[in-house]
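Take this structure first; my questions come after.
The values are calculated or read from the model by the stated rules, or taken from the named source; none is laboratory data. The model shown is predicted, which means the values in this text are computed figures rather than measured ones. Positions of Cβ are generated from backbone atoms using ideal geometry, with glycine treated the same way; all protein chains shown enter the neighbour counts. Just so you know, the surface numbers come from the protein's heavy atoms only, side chains and all, with ligands and any DNA or RNA stripped out. Shrake-Rupley method; radii C 1.70, N 1.55, O 1.52, S 1.80 Å.
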Amino acid sequence: MTLHENTRRAGADAAGEDATAGATVPVTLTVNREVRHLTLDPRTTLLDALREHLRLTGTKKGCDHGQCGACTVIVEGRRINSCLSLAVMHDGEAVTTIEGLGTPERLHPMQKAFVTHDGFQCGYCTPGQICSAVAVLAEIADGIPSHVTADLADVRFSDAEVRERMSGNICRCAAYPNIIAAIRAVAEGAA
Ligand code: FES
Ligand code: FES
């Protein structure tokens, strides 16, 4: 910010104006292996940047409060609720959304398993469930324990681990048994 802009900002603050009104910041994200340059209001969530600015509407907005998991995406290899994170916090980072996991012609194994095991009904939660499930298997492979891990030195796949780790992804259609079956199939290499 230049000295002139700083002075103008200080004047606006003193006058009680909203100093952030109209301000934008450059943000660069690598989304689904493609570098995307954005100019955003710094208050823009990662979810809104993906849906409203990049038109990647596979990621869903359910609650917008971190309670449903519909907005789950993978950032730098870890799943996050994109509604709870500002896009500017991820400047320079790699984001994978459901569109980046696979295509209708070349489904990711987890996408394929959800179809095979009927892991959805309305499908609204499904992009978040699938992104979360892919990251869950990576967490287990990396030896990251969960609340139900009995032996911290021996993190293994189990249905209980999946239930615990996927507990932030709500399915209003209650497809849970089939979702677990789909994740188990991928974990066992059967998808
Ligand atoms: S929309 Fe982000 S957790 Fe519900
Ligand atoms: S499939 Fe409908 S909310 Fe999960």
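Under a 1.4 Å probe, what is the accessible area of the chain per residue, stated in Å²?
On the way: 10280 Å² over 191 residues.
Here the per-residue accessible area is 54 Å².
Same structure, new question: According to a simple spin-label model (label point 7 Å from Cα along Cα-to-Cβ), what is the distance in nm between LEU152 and ASP118?
Output for this residue pair reads 4.2 nm.
Moving to a separate point now. Under a 10 Å cutoff between Cα atoms, tell me which one of ARG79, ARG165, ARG55 has the largest fluctuation in the Gaussian network model of the chain.
Most flexible of the set in this elastic network: ARG55.
Given a 1.4 Å probe and every protein chain left where it sits, what share in percent of the accessible area of the range 23-101 is carbon and sulfur? List each step's numbers first, then the result.
Working: 1800 of 3730 Å².
Accessible surface attributable to carbon and sulfur in the range 23-101 totals 48 percent.
For a quick check of your reading of the filter: which trypsin sites (Lys or Arg not before Pro) in the range 102-163 sit in a DSSP loop and have no more than 14 other Cβ atoms within 10 Å? Walk me through the numbers on the way to the answer.
Details: sites: ARG106, LYS112, ARG156, ARG163; in loops: ARG106, ARG156.
The qualifying sites are ARG106, ARG156.
Assign unit charges at the C-beta atoms only (+1 for Lys and Arg, -1 for Asp and Glu), then state the dipole size of the chain relative to its Cα centre in Debye, rounded to the nearest 20. Mind showing how you got there, number by number?
Details: 18 positive and 23 negative charges, 89 e Å.
Its charge dipole is roughly 420 debye.
Compute the separation of the alpha-carbon centres of the range 176-191 and the range 58-101 and state it in Å as a whole number.
The range 176-191 and the range 58-101 have Cα centres separated by 23 Å.
Between exposed GluC sites (Glu not before Pro) in the chain, where DSSP calls loop and at most 11 other Cβ atoms lie within 10 Å, what's the longest gap? Don't jump to the answer; show the numbers that get you there.
Numbers: sites that count: GLU17, GLU105, GLU188.
The reported range is 18-104.
Where does the Debye-calculated log10 I(q)/I(0) of the chain sit at q = 0.08, 0.18, 0.19 Å⁻¹, using only Cα point scatterers of equal weight, no solvent?
With one equal scatterer per Cα and no solvent, log10 I(q)/I(0) is -0.32, -1.17, -1.28.
Is there a quick way to get the dipole size of the range 109-187? I mean about its Cα centre, with the Cβ of Lys and Arg at +1 and of Asp and Glu at -1; what is the value in debye to the nearest 20?
Details: 6 positive and 8 negative charges, 64 e Å.
Dipole size: approximately 300 debye.
To continue, here is another question. Restricting to the chain, what percent of DSSP beta bridges are antiparallel, rounded to 5?
On the way: 14 of 16 bridges.
Taking every DSSP beta bridge within the chain, about 90 percent pair in antiparallel fashion.
Taking N as the number of residues in the range 67-142, what is its alpha-carbon radius of gyration divided by 2.2 N^0.38 Å?
Cα Rg divided by the expected 2.2 N^0.38 Å: 1.11.
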